[in-house]
Amino acid sequence: MDFGPYLLLAMLEGAVQASVLTLTAVGLSLVFGVMRVVNVAHGEFFMLGAVLAWVIASVVGVHPALGFVLAIAIAPLLVGALAVAADMLVLKRLNYDPENTIVATIGLLYIIQQITLMTYGPEARPVEPPFNQRLALPWPEWGENGFALVWPWGFGTTSYKLFVIASAIVLLVLLWQLMARTRIGLVMRATRLDREMALAFGIHVDRVYALAFGLGAGLAALAATLIVPIQQAHYLMGADPLLLSFIVVIIGGLGSLPGTVAAAILIGMSDGMISMFFSPTLAKILSTLLVALVLVFRPQGLFGRSRG
Amino acid sequence: MTGANKAMAMNAAVIALLLIMHFALPAYHHGNLARIMVLAVYAMGFNFAFGYAGMLSLGHALFFAAGMYGMGLAMQHLGWAAGEALLAGLAASLAVSAAVGFLALRTSGVQLMIVTLMFAQAGFLAVLYFGNLTRGDEGFVIAQARRALAGIDLSNEANRYLAGLLLFAGCFVLLSRLVQSPFGKVLVAIRENEERTRMLGYDVARYKLAAFVISGTVSGVAGASYGLLFGYVGASFASVQYSILPLLWVLLGGAGTVLGPLVGTLFMFYLIDISSGFTTAYLAIAGLVLVLLTLFARQGIVGEIRRRWLPWLP
Amino acid sequence: MATVNQLVAGGLTKRFGGLLAVDKVDLAVPQGQVRALIGPNGAGKSTLVGLLSGRIDATAGSVAFLGEDITGLPAHKRISKGMAYTFQITSVFERLTLDENVALAARRVAGATRTSVESGVAGALDQVGLLDRRYELAGDLSYGHQRLLEIAMGLAQRPKLLILDEPTQGLADSEIAGFNRLIRTMAGGTTILLIEHNMNVVMEIADYITVLNFGRVLAEGAPEAISNNADVQSAYLGTGSDA
């Protein structure tokens, strides 16, 4: 393949990764923004979404499309409910102390991951996509006969990958509407700005926190159910989304949703693309170092504005 | 003061007890305890930064691994003898902790946790990336014949135990004295109220960096010794899990206590040892203990004993 | 006899966002003087002493101490040149003993030895009347006693300049009397700069008073002159002198 088509293909792959990463990172950012805590178990909620999607799809087992639809409807709800329970049983009792919460969510990470290993097992399993037509893509070229569209071999994508990208966009718009237009969104924004003030106005901050934690986890699970037909479900699959979401949330300015979306697209695209040209390990080394240095020298993030 | 004397007597008693265990324990537990003592040194190094100076790092595996790989690579690729290789491990962890501390300590609290986590992750990935040197995930074994120090064969079980005990006793006495010294008191003051300590005229940044480097270097010496005594160097020792483990040990045993790291390492080691007899998912136990500790026993075992019965415990 | 100014501030300014907390303040405190800094809440008193001690970075202006420009020095270096600073909000080390609290301060005295720290701690605790509670935890003290411990920490540093931010806040009357006696025994040797709301204390111990209002120096003078100053009365006393 020539360089041009190859680059476009890399960008398409990057866009799929970026879509999933955006949803996952927005979930983490929401939790940080509203509750001011870092949820280290976020990657495990992602993993749980994928594993539950497989469980639901294989239990239903009639038609892949039906299984998938049920999975995408139920798995995020289950994961969200689990997160709400974790919030009420653990985080609330810690008074959301930032350091204790990190330690406790590390504990949750191991519990969720290892219980999955005990029940679901160590295998990687795919969920069948509801539809998966191969779409060959044309490429414009100046040949001997002037301008022409050619169809390079191996140059194409699948309808499912385009569906992932479109779903992510739709979901983000819905989330934005939820935050901007509904009462729940208003309450969450108010709590995020000033916890004491929200309490004074009679907002049940405890409920808002539980809701934000559940919503954040649900978004991660939703992202995972979208990607599980492309990447298989595995009990250790939570590590990479967690790391990348961290990177995104930090680069995007801790807790800022627009910054998070911008950073997720940037990182998701570049991670997907860099991985096609360089060693993925080297790409990860550089991005983790970048995050550490951003936190040290520009704690408000690359996109965030300094406050105060 | 009698408290200090009691503390000294207790330290001596602990070391004596560990020496008696050398003769008393059956082979299996004897081998376990040798490991536990070296890992407890790692926990003590971690505790020095976390328990005393209040700096919570989630990246100490980087220093443990720097010591281990500094030692292992020097033996493997430079053909150094065990003694020099241990010093190479010490130097490597000292350099790495100084560099990370210099950058990371511009932050504190949650940011410090994430920055150290990220640096350690980059270190772990670097071990994988330079797989032709480190042999990546698989790691490498240090030949039995080369694991000898001053003519003493460290692959021998009895020698290994005594070497582990010597290392433990050395670090234990050194760190116990350090935390009782004026330097140690300043660290506690920083943990309790950083701003007040600064306004007493202490250069807080320098004290914190010094404590961080001591902590990282002790962790590195533990890593180098672990690799040498047990003959294996591998990437898993650089992974996030090995950054979490010392936190778990120290929280369980009691942060900011002299004995806590040993007690916590001992308990956790056997907890995992016993539970891994039932399930491969033994890390779930570690997770459960972490959650329960943060919820119900922030002081840890030794911290609770100190609070309830023995206020003089150091 | 020429007075030597120990502490001189020129055009000190601190801006927090849009707020000018301290606005071009000039200050000259002679060696050995007890200087009181008064003014309504929010006048910038605490910010000003923060700027002098280096706890807060100045937006503009300069500070000289003992004839040396210390504007660029961080707090801990200023302290080691002979300043001591006690906090408005009590901030003793609650989980350490009184002995250890004061020892942390006494060890910063130049040329401190184990015995000099030992006697310095005992001396400072004795001066504030807490010697018999030496080995108790600071967190177990009452609020008033914690304030006294805070002052003992300042004394143990053997400072040339002692900055006290509302030292008598929360003290009982008998304790205030003790505090006044303590300051009088130190007067002449140690320069003292104190922020104080209790006008009785100010009138009794201050040699000289600086009044701040809206971040600026409103008036300066001897206690009698200040209490008769019409501007001060309208700006400060008129708004209520209670803390």
message: Can you find a residue that is farther than 30 Å from B:Gly109 by Cβ, hydrophobic (A, V, I, L, M, F, W, C), in contact with a strand residue (DSSP E or B) (Cβ under 6 Å, 6 or more places away or on another chain) and in contact (Cβ under 8 Å) with a residue 12 or more places away in the chain anywhere in the stretch A:11-28?
response: yes
- prompt: In the set C:Arg108, C:Arg114, which member is crowded, with 19+ Cβ neighbours inside 10 Å, modelled with pLDDT under 90 and of a type in the set (Lys, Arg)?
  reply: C:Arg108
- request: Spot the failing condition for B:Leu247; the list is (1) out of contact with any His (no Cβ under 9 Å at 6 or more places or on another chain); (2) under 17 Å from A:Thr105 (Cα atoms), and only one is missed.
  value: (1)
For B:Phe237: the one exception among (1) in contact with a Leu (Cβ under 7 Å, 6 or more places away or on another chain); (2) assigned to a helix (DSSP H, G or I): (1)
field: Contacts under 9 angstrom Cβ, first residue in the stretch A:176-192 being surrounded by 15 or more Cβ atoms within 10 Å (Cβ to Cβ), partner not in a helix (DSSP H, G or I), 6 or more apart
entry: A:Val187/A:Ile203; A:Val187/A:His204; A:Ala190/A:Phe201; A:Ala190/A:Ile203; A:Thr191/A:Ile203; A:Arg192/A:Arg36; A:Arg192/A:Gly255
task: Answer yes or no: is there a residue in the stretch B:86-105 that is within 14 Å of another protein chain (Cβ to nearest Cβ) and without any contact (Cβ under 8 Å) to a residue 12 or more places away in the chain.
output: yes
- prompt: Filter the stretch A:59-102 for residues that are without any contact (Cβ under 8 Å) to a residue 24 or more places away in the chain and of a type in the set (S, T, N, Q); which is surrounded by the fewest Cβ atoms within 10 Å (Cβ to Cβ)?
  reply: A:Asn95
statement: Going through the stretch B:162-212 in order, the residues found to be part of a helix (DSSP H, G or I), within 14 Å of chain C (Cβ to nearest Cβ) and aromatic (Phe, Trp, Tyr) are B:Phe183, B:Tyr207
message: Out of the residues in the stretch C:61-82 meeting the condition of being aliphatic (A, V, I, L, M) and more than 8 Å from every other protein chain (Cβ to nearest Cβ), tell me which one is farthest from C:Gly44 (Cα to Cα).
response: C:Leu66
task: Filter the stretch B:237-257 down to residues that are without any contact (Cβ under 8 Å) to a residue 60 or more places away in the chain and facing chain A (nearest Cβ under 8 Å), then give me how many there are.
output: 1
query: Any residue in the stretch B:17-31 that is small (Gly, Ala, Ser) and within 15 Å of B:Leu229 (Cα to Cα)?
result: yes
message: Against the condition part of a helix (DSSP H, G or I), farther than 26 Å from A:Lys284 by Cβ and among the polar types (S, T, N, Q), how does B:Asn32 come out, does it pass?
response: yes
field: Failed item in (1) at pLDDT 90 or above; (2) in a helix (DSSP H, G or I), with C:Leu164 passing the rest
entry: (2)
- prompt: Just to be sure, is B:Gly45 within 13 Å of chain A (Cβ to nearest Cβ), under 25 Å from B:Val188 (Cα atoms) and part of a helix (DSSP H, G or I)?
  reply: no
- prompt: Of C:Gln88, C:Gln33, C:Gln6, which residue is within 21 Å of B:Glu195 (Cα to Cα) and in contact (Cβ under 8 Å) with a residue 40 or more places away in the chain?
  reply: C:Gln88
- prompt: Is it the case that C:Gly61 is part of a strand (DSSP E or B), surrounded by fewer than 21 Cβ atoms within 10 Å (Cβ to Cβ) and in contact (Cβ under 8 Å) with a residue 12 or more places away in the chain?
  reply: yes
query: Within the set of pairs 6+ apart or on separate chains, which have a first residue in the stretch B:293-314 that is surrounded by fewer than 16 Cβ atoms within 10 Å (Cβ to Cβ), a second that is among the acidic types (Asp, Glu), and C-beta atoms under 8 Å apart?
result: B:Ala297/B:Glu304
Scope the stretch C:64-96; condition basic (Lys, Arg) and assigned to a strand (DSSP E or B); matching residues: none
- request: Please enumerate the residues belonging to the stretch A:7-63 that are over 17 Å from the mean Cα position of the chain (by Cα) and polar (S, T, N, Q).
  value: A:Ser58
Options A:Met276, A:Met269; residue that is out of contact with any Ser or Thr (no Cβ under 6 Å at 6 or more places or on another chain), modelled with pLDDT under 85, surrounded by fewer than 18 Cβ atoms within 10 Å (Cβ to Cβ) and in a helix (DSSP H, G or I): A:Met276
- request: Filter the stretch C:64-85 for residues that are surrounded by fewer than 20 Cβ atoms within 10 Å (Cβ to Cβ), in contact (Cβ under 8 Å) with a residue 12 or more places away in the chain and charged (D, E, K, R) and give the result.
  value: C:Glu68, C:Lys77, C:Lys81
query: Is it the case that the stretch B:134-147 has a residue that's β-branched (Val, Ile, Thr), surrounded by 16 or more Cβ atoms within 10 Å (Cβ to Cβ) and within 14 Å of chain A (Cβ to nearest Cβ)?
result: yes
task: Pull up the stretch C:95-115, narrow it to residues that are facing chain B (nearest Cβ under 9 Å) and within 21 Å of the chain's Cα centre (by Cα), then point me to the one that is nearest to C:Arg78 (Cα to Cα).
output: C:Arg108
- request: Hey, could you check the stretch C:126-142 for residues that are closer than 19 Å to C:Asn180 by Cβ and part of a helix (DSSP H, G or I) and say which is modelled with the highest pLDDT?
  value: C:Asp126
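The values are calculated or read from the model by the stated rules, or taken from the named source; none is laboratory data. Note that this is a predicted model, so its numbers are computed, not measured. Note that each Cβ is placed from the backbone with ideal geometry, even for glycine, and that neighbours are counted across all protein chains shown.
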